[in-house]
Amino acid sequence: MDLAEALPLGELAAAFAALPVFPLFDTAYFIISVLYLKYEPGAVEMSRKSPFASWLCAMLHCFGSYILADLLLGEAPIGHFSHNSSVILATAVWYLIFFCPMNLFYKCVSFLPVKLIFVAMKEVVRVRKIAAGVHHAHHLYHHGWFVMLATGWVKGSGVALMSNFEQLLRGVWKPETNGILHMSFPTKASLYGTVLFTLQQTHWLPISEANLIFFFTMFMIVCKVFMTATHSHASPFAPLENLVCPVLFGSVSSGHPGHHHDHHGASHEVSHPPPPPPPAKSKEELNEGTRKRKAKKAE
Amino acid sequence: MDLAEALPLGELAAAFAALPVFPLFDTAYFIISVLYLKYEPGAVEMSRKSPFASWLCAMLHCFGSYILADLLLGEAPIGHFSHNSSVILATAVWYLIFFCPMNLFYKCVSFLPVKLIFVAMKEVVRVRKIAAGVHHAHHLYHHGWFVMLATGWVKGSGVALMSNFEQLLRGVWKPETNGILHMSFPTKASLYGTVLFTLQQTHWLPISEANLIFFFTMFMIVCKVFMTATHSHASPFAPLENLVCPVLFGSVSSGHPGHHHDHHGASHEVSHPPPPPPPAKSKEELNEGTRKRKAKKAE
Amino acid sequence: MDLAEALPLGELAAAFAALPVFPLFDTAYFIISVLYLKYEPGAVEMSRKSPFASWLCAMLHCFGSYILADLLLGEAPIGHFSHNSSVILATAVWYLIFFCPMNLFYKCVSFLPVKLIFVAMKEVVRVRKIAAGVHHAHHLYHHGWFVMLATGWVKGSGVALMSNFEQLLRGVWKPETNGILHMSFPTKASLYGTVLFTLQQTHWLPISEANLIFFFTMFMIVCKVFMTATHSHASPFAPLENLVCPVLFGSVSSGHPGHHHDHHGASHEVSHPPPPPPPAKSKEELNEGTRKRKAKKAE
């Protein structure tokens, strides 16, 4: 029995879940993804020096989730690139953001109100990907809980989970951190969301997939838009984590959420890299500076 | 004809080979694997700061061999995680070793006599994995000698062969060494064992699989238990290698075995990391020189 | 309609395309590949200290293109190693180049006139691989333009595209550059060649595969032999790139070709590594310290 089917928004959720993402929402997804690539220190110079590597990076940012999921499930990691229209669209977005005359396109899409709309649309795609990932894994491994969780998670987190290698492609190497050691909000939310979708898929959560997609998308949009608008990094999960973690794992630095490297918003945060590499840190700060400047330019 | 079938221990070997490994021996395997993860510098802090990354590391230590073998054979690297009971068992072991109140569980299992028993049991699982790996590869590539060797080897060595990436997940990066450049005893023994199992599989070694499993397991147990008990790192293969290598590959530094980084006991040994780090750059220059000279010589 | 079929060299091209590469041309391919491995700084010492790692490196140099293509297409990356004869041949070449008494074999094959012949023969194999890669991808993804391009490219470039990881296996780590960020001539030529073969495969290029193989092989031989003979690194594509890139991607440093790290001839060029190393080095040392301290704490 489904407790939400009764409410009038049952149909709304169904209609929302049926909404096609391809041209419109995907475009928003690509725009925000490539935007964050451009925020990365050195990304612009690279796009001038070796455009091909820059394009490859952009593809990783746009299709990282498909590549990782295919890798995990032993399918062709390049398989998704057989969707030519999708790749061409992403390429167009990359070209406009990096090479549009007078940086016009970049200025438009990084204008906050516009950007917020795209951020919201990106979350719609993200949640769909998680649902699809869990669904696909459930189809392959009917009782493979952990496989469903892993697949949904990588589908939701995308390039953040291979940040080290995406950076390596750009000639940058920061081994002291990665998207798993310091989870950004989207990475962590994808993880929690995947748990919900896995429970739903295995009928432990009495709610229809359409409703779950609807509610979780709303949650993600509200959080991400708020965080982007206010440049805040207070994880909405912090209270819960600070309640549960100490019980389960002993004393966890409650300042932990502050440590998050929001990979998808690196440009905006004051990052606190862990102690290990002092020199790296100073480099970090320098980049921070250039990053800030870029960010400023963006507004 | 089988020269060992005659001996009375033929049935013993058969019975031993038929012994199921799942709950008991696997538990020992997980305990020792996670134990060595906890020995790694920084592993404990990580388990407090980001328990999820710590859990992922533990999974790599417990299931690395399956992940690598599946990767090599183009199967789903996450496939083995569909065995929920196995993953849950490994998770329980990880939790007990890292978060048990008063560190009780850790103290028990790392108490030498207890530990030696588990070490012995782990070798039982290791040898089974090698045999299974060779068997599986032989099934896929009937005459693929090198495929059998590779599969058996990674099944036996496990996480040691991806040490660099396991460290990267923990934010540690030691490029100057890896589990292939400086083979630990288990890695090397797995390699030699795989050769035997491949010869047996292709009927070049006149011995039944059961007997080979029995004898090789005994050899591994004796060696590993002795080495763990005495903290020694003198490779039992050194004499043979010092005899063969000079003939085949010219002068090999006979001090080589001493340099082994026993990945599964890194914390115990006084590790001699090869000079590179500081001289890395200067070496670079020297090499520049040698390279130049070589180039000259080439003409 | 085929504009080259008219010419008398139509049959010549067909005969050339039908030429088997296995024993002869492959040998040349292996010789040149392993030769460039030996040119790498530290490769010789490694071959003495850990022959197995050296052999593995040699295999990456000889079969990297197959490994990468299989990885991309979700097939067994180790699959090609089931061709025992091919692997044994490569192993023999590796052994002769590294361990032949008095370095005789090395001296012979690196004697310029001899080397040039092998270089020419290697290009024959490279072009065949590109054609086969595009063909295979076209068979799997009938309209997957990008899949064809990627497959053909990795088949042509081989180990250069995984240079970072090939170096890591040798204990070397140069994150500041890679085979994509600074494309060598073979890598770039493979990319352009793949475009041609993809167009041909999808009937946009009115020329028979045999003719395209013939002409492109000739082009590659001429360029590579010339560049090897003169130690030049002036990319033949520079003029075209300097014409097109500024229009498409704004100002590109026209000094770019000079910066190429010709991975297949690293030994010959005066490389300009970007600044990073020094700070990385000191970081290394600091980590060394913290690591030692942690290790102490462990006991």
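When B:VAL87, B:VAL225, A:VAL222 are arranged by Cβ crowding within 10 Å, least crowded first, meaning fewest neighbours, the order is A:VAL222, B:VAL225, B:VAL87.
Each eigenvalue of the Cα gyration tensor of the range B:98-154, multiplied by 5 and square-rooted, gives one semi-axis; in descending order these are 37, 11, 7 Å. Scalar couplings 3J(HN,Hα) for the range A:109-119, obtained by applying the Karplus form with A = 6.51, B = -1.76, C = 1.60 to θ = phi - 60°, are 5, 8, 6, 2, x, 4, 4, 4, 4, 5, 4 Hz; x denotes Gly and Pro.
Loop-located chymotrypsin sites (Phe, Trp or Tyr not before Pro) in the range B:76-118 (DSSP state not H, G, I, E or B) with no more than 13 neighbouring Cβ atoms inside 10 Å: B:PHE111.
So between B:LYS107 and B:LEU248, what do we pick up on full extension, going 0.36 nm a residue minus the alpha carbon distance? Display every interim value, and only then the final one.
On the way: separation 141, 0.36 × 141 = 50.76 nm, distance 4.63 nm.
Additional length available on full extension: 46.1 nm.
Per the Kirkwood treatment, what hydrodynamic radius in Å, one decimal, follows for the range B:1-84 from the mean inverse distance over all distinct Cα pairs? It would help to have the intermediate numbers written out before the result.
Working: mean 1/r = 0.0638 Å⁻¹.
Kirkwood radius, the range B:1-84: 15.7 Å.
To the nearest 0.05, how large is the calculated FRET efficiency for A:ASN84 and A:ALA18 if R₀ is 35 Å and r is the Cβ-Cβ distance? All intermediate terms of the calculation are to be shown ahead of the outcome.
On the way: r = 25 Å, r/R0 = 0.71.
Efficiency for this residue pair is about 0.90.
Rg/Rh for the range B:1-149 stands at 1.04; both radii use Cα atoms, and Rh follows the Kirkwood definition.
How would A:GLU176, C:GLU241 line up from fewest to most surrounding beta-carbon atoms within 10 angstrom? Spell out each step's value before the answer.
Values: A:GLU176 21, C:GLU241 17.
Lowest to highest Cβ neighbour count: C:GLU241, A:GLU176.
Over 31 Å apart at the Cα level, from the set A:LYS49/A:LYS174; A:LYS107/C:LYS155; B:LYS129/C:LYS49; A:LYS155/C:LYS122; A:LYS224/C:LYS188, are A:LYS107/C:LYS155; A:LYS155/C:LYS122; A:LYS224/C:LYS188. Taking a quarter of the surface of the Cα convex hull of the range C:37-92 gives a mean projected area of 4.1 nm².
So if we plug the beta-carbon distance of A:GLU11 and C:PHE52 into 1/(1 + (r/R0)^6) with R0 = 51 Å, what FRET efficiency do we get, rounded to 0.05? Each step should come with its number before you reach the end.
Details: r = 65 Å, r/R0 = 1.27.
Computed FRET efficiency for A:GLU11 and C:PHE52 comes out at 0.20.
Plugging the Kirkwood radius over Cα pairs into Stokes-Einstein for the range B:133-227, at a temperature of 10 °C and a viscosity of 1.306 mPa s, what D comes out in µm²/s? D = 110 µm²/s.
All of the numbers you see were taken from the coordinates with simple rules; none came from a lab. Because the structure is a prediction, the values reported are computed rather than measured. So basically every Cβ, Gly included, is an ideal-geometry build from the backbone, and we count neighbours across all protein chains shown.
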